Amino acid sequence: MLPEATRYLKATVSLFSPNVFLNASKLSAHGAPSSLQTRRNLRVSHCFAARVPPQKKPREKVEIPGLEMVTYGDRMHYVPGLAKPVYPPWEMSFKDPRYYRSPPAQEMALYKDKPCYVFNQRTSILEGVRQAAWLTKTHVRPGLLPHLVSLAAKPENQLPDQDERVQNAIKHSRFWDTMEPRLRKEKYSNTLLLNLLHLCATLQPTHPAVGRRILAENYSLAATWKRGEDLFQIRGRNGLLHCSMDPLPRICGEQEVLETSDQVLESFYPVSPTIDLQQVSVYKEEMNCTGFRGEYPYPHAHTLYFLETSDPNCQLRPEQFRAKMIMFTFGNALARAHKLYGTQPQSLLERPITVQAVGTNGRIFQFLVFQLNTTDLSGDDGIKNQAWLDEDVELYDFAKVRPFIKRKEVKVPAGLAGYKPETFSKFLALYLHGAA
């Protein structure tokens with residue numbers, strides 16, 4: 001009877017789908033242990049490769065004038081064969097922001113046919129520093145000026161036990177401020193920045209001008225300018241701002257400023273200068289705000305402090321992070337210039353506006369000094385703005401909670417290793433600029 005059963009099983013294999021089948025090729029008629037070895041193979045690739053049914057086209061509603069459609073609206077429940085009633089949209093007698101529906105952009109009062117390109121704190125421009133230099137009509141030079149860095153070399157401008165205190169500040173941010181085995185970067189970078197600012201503030205007894213400053217956080221900036229035929233704006237919150245009662249002195253003399261008219265801006269053709277910028281059609285044309293009221297006692301921007309990990313939802317690469325520093329430093333200077341000299345383009349400012357910036361991720365620092373010489377940014381010719389950028393300056397090499405061991409050999413010991421005091425000297429020099 002077994003051979004007959006085998007024949008029936010082989011005949012029924014064809015009735016199954018290719019995805020579920022029986023392997024009955026090894027069936028034997030002698031009753032051996034391997035005589036009835038059936039294997040069932042299940043595969044799910046077929047269901048993923050199935051054709052998606054086409055989407056049904058909505059039935060066209062035909063309205064015949066003079067003929068009313070019979071619906072089940074009066075009966076208050078569904079009735080087969082009767083049409084679905086159509087009710088007018090319900091309008092509340094009061095305003096509820098949860099259910100607000102904005103009108104179309106074309107019907108808004110601030111709608112304009114000409115678009116505006118907006119740079120905010122989350123913008124990541126493709127070309128980085130080159131694109132930021134073109135948008136702000138700025139000539140960027142590598143490194144900081146020697147006379148600015150030399151401020152921290154004077155003995156009266158240094159902290160007592162400076163290197164030891166800076167290393168303790170690093171250890172506090174990396175080791176002593178948490179019980180976690182691995183501290184998050186956004187936490188220790190913010191702690192380190194505040195520790196370094198606190199160390200610099202201890203020089204106030206010997207430098208009274210430091211007391212004429214204040215730190216501002218979460219302020220909103222807005223600045224508008226024209227570049228060629230396009231309109232640009234900077235909006236948003238850009239981090240921690242060191243405000244001062246007194247403006248920073250100019251970095252370059254008038255002759256060096258006039259020589260910038262011979263410099264040529266670097267091009268990145270065929271990439272458009274407006275790439276990666278937000279394009280809006282509803283905006284205010286003359287939008288310029290420093291973020292503070294007119295009677296604010298600290299109206300001058302001194303230094304902007306940026307953190308690479310301040311927004312966990314937007315991680316910028318180092319090149320785009322430096323471009324963000326240039327754009328917001330320029331925006332603070334431009335908003336101040338519009339308040340002092342008006343919104344009309346000025347080919348040469350009577351007194352250039354200087355703003356500094358420091359960016360860090362907790363280990364690597366970026367230093368920037370920006371000088372706004374002109375607000376006439378429409379063309380590529382004429383006087384240009386100036387910027388000095390010092391990139392990727394390391395404060396230390398490693399800060400390990402546990403030693404790094406490879407092949408039974410300690411490659412990196414536990415603790416702080418590779419401290420570089422010249423990095424903090426640059427940080428201190430920018431802090432003391434205008435006070436020493």
Q. Which pairs have Cβ atoms under 6 Å, sit 6 or more apart or on different chains, and link a residue in region 219-234 that is of a type in the set (Ser, Thr, Tyr) to one that is open to solvent by less than 10 Å² (accessible area, probe 1.4 Å)?
A. 224/233
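Consider region 81-93. How many of its residues are open to solvent by 100 Å² or more (accessible area, probe 1.4 Å) and not hydroxyl-bearing (Ser, Thr, Tyr)?
Filtering region 81-93 down to residues open to solvent by 100 Å² or more (accessible area, probe 1.4 Å) leaves 84, 86-91, 93.
Now narrow it down to the ones that are not hydroxyl-bearing (Ser, Thr, Tyr): 84, 86, 88-91.
Residues in region 81-93 being open to solvent by 100 Å² or more (accessible area, probe 1.4 Å) and not hydroxyl-bearing (Ser, Thr, Tyr): 6 in total.
Anything in region 294-315 that is open to solvent by 50 Å² or more (accessible area, probe 1.4 Å) and either within 16 Å of residue 340 (Cβ to Cβ) or at pLDDT below 90 (or both)? List them, or say none. Break it down into steps so the answer makes sense when it comes.
Filtering region 294-315 for residues open to solvent by 50 Å² or more (accessible area, probe 1.4 Å) gives 294-297, 310, 312-313, 315.
Scanning region 294-315 gives 294, 295, 296, 310, 312, 313, 315.
I want to confirm something. Restricting to region 158-205 and keeping residues that are charged (D, E, K, R) and not in a helix (DSSP H, G or I), which single residue is least open to solvent (accessible area, probe 1.4 Å)?
So, considering only residues that are charged (D, E, K, R) and not in a helix (DSSP H, G or I), the one least open to solvent (accessible area, probe 1.4 Å) is 177.
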Q) Restricting the search to region 242-279, which residues are of a type in the set (A, V, I, L, M, F, W, C) and more than 27 Å from residue 427 (Cα to Cα)? A) 258, 264, 265, 268, 271, 275, 277
Q) Which members of region 221-241 meet the condition of being farther than 19 Å from residue 276 by Cα and either among the hydrophobic types (A, V, I, L, M, F, W, C) or open to solvent by less than 10 Å² (accessible area, probe 1.4 Å) (or both)? A) 221, 240, 241
Q) Would it be correct to say that residue 415 is within 21 Å of residue 199 (Cβ to Cβ), surrounded by fewer than 21 Cβ atoms within 10 Å (Cβ to Cβ) and either in contact with a His (Cβ under 6 Å, 6 or more places away or on another chain) or in contact (Cβ under 8 Å) with a residue 60 or more places away in the chain (or both)? A) yes
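In contact with a Lys or Arg (Cβ under 9 Å, 6 or more places away or on another chain), crowded, with 18+ Cβ neighbours inside 10 Å and not acidic (Asp, Glu), is that true of residue 337?
Details: in contact with a Lys or Arg (Cβ under 9 Å, 6 or more places away or on another chain): no; crowded, with 18+ Cβ neighbours inside 10 Å: yes; not acidic (Asp, Glu): yes.
No, not satisfied.
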Q) Does residue 348 count as surrounded by 21 or more Cβ atoms within 10 Å (Cβ to Cβ) and either within 23 Å of residue 253 (Cα to Cα) or over 28 Å from the mean Cα position of the chain (by Cα) (or both)? A) no
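Which one is farthest from residue 257 (Cα to Cα) among residues in region 351-379 that are hydroxyl-bearing (Ser, Thr, Tyr) and open to solvent by 10 Å² or more (accessible area, probe 1.4 Å)? Write out each step before concluding.
Taking region 351-379 as the starting set, the residues that turn out to be hydroxyl-bearing (Ser, Thr, Tyr) are 354, 360, 374-375, 378.
If we keep only those that are open to solvent by 10 Å² or more (accessible area, probe 1.4 Å) as well, we get 375, 378.
Values: 375: 14, 378: 18 Å.
Looking at residues that are hydroxyl-bearing (Ser, Thr, Tyr) and open to solvent by 10 Å² or more (accessible area, probe 1.4 Å), I get 378.
From the list 375, 354, 423, which one is closer than 19 Å to residue 169 by Cα and in contact (Cβ under 8 Å) with a residue 12 or more places away in the chain?
Working: 375 fails: closer than 19 Å to residue 169 by Cα; 354 fails: closer than 19 Å to residue 169 by Cα.
Just a single option satisfies the conditions, and that option is 423.
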Q. Of the conditions (1) farther than 20 Å from residue 164 by Cβ; (2) out of contact with any Asp or Glu (no Cβ under 9 Å at 6 or more places or on another chain), residue 394 fails just one. Which one is it?
A. (1)
Q) For region 380-403, what are the residues that are out of contact with any Lys or Arg (no Cβ under 7 Å at 6 or more places or on another chain), farther than 24 Å from residue 324 by Cβ and either open to solvent by less than 20 Å² (accessible area, probe 1.4 Å) or assigned to a strand (DSSP E or B) (or both)? A) 398, 400
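So is residue 384 within 28 Å of residue 221 (Cβ to Cβ), of a type outside the set (A, V, I, L, M) and either out of contact with any Cys (no Cβ under 6 Å at 6 or more places or on another chain) or touching a residue at least 60 places away in the same chain (Cβ under 8 Å) (or both) or not? Before you say what the answer is, go through the steps one by one.
Values: within 28 Å of residue 221 (Cβ to Cβ): yes; of a type outside the set (A, V, I, L, M): yes; either out of contact with any Cys (no Cβ under 6 Å at 6 or more places or on another chain) or touching a residue at least 60 places away in the same chain (Cβ under 8 Å) (or both): yes.
Yes: the conditions hold for residue 384.
Do we find that residue 248 is over 22 Å from residue 335 (Cα atoms), hydrophobic (A, V, I, L, M, F, W, C) and either modelled with pLDDT of 95 or more or touching a His at 6+ places or on another chain (Cβ under 7 Å) (or both) in this structure?
Numbers: over 22 Å from residue 335 (Cα atoms): no; hydrophobic (A, V, I, L, M, F, W, C): yes; either modelled with pLDDT of 95 or more or touching a His at 6+ places or on another chain (Cβ under 7 Å) (or both): yes.
The answer is no for residue 248.
The values are calculated or read from the model by the stated rules, or taken from the named source; none is laboratory data. Quantities reported herein were computed from a predicted structural model and do not represent experimental measurements. Backbone-built Cβ (ideal geometry, glycine too); neighbour counts: all protein chains shown. To get the accessible areas, we keep the full protein, side chains included, count just its heavy atoms, and leave off ligands, DNA and RNA. Shrake-Rupley method; radii C 1.70, N 1.55, O 1.52, S 1.80 Å.
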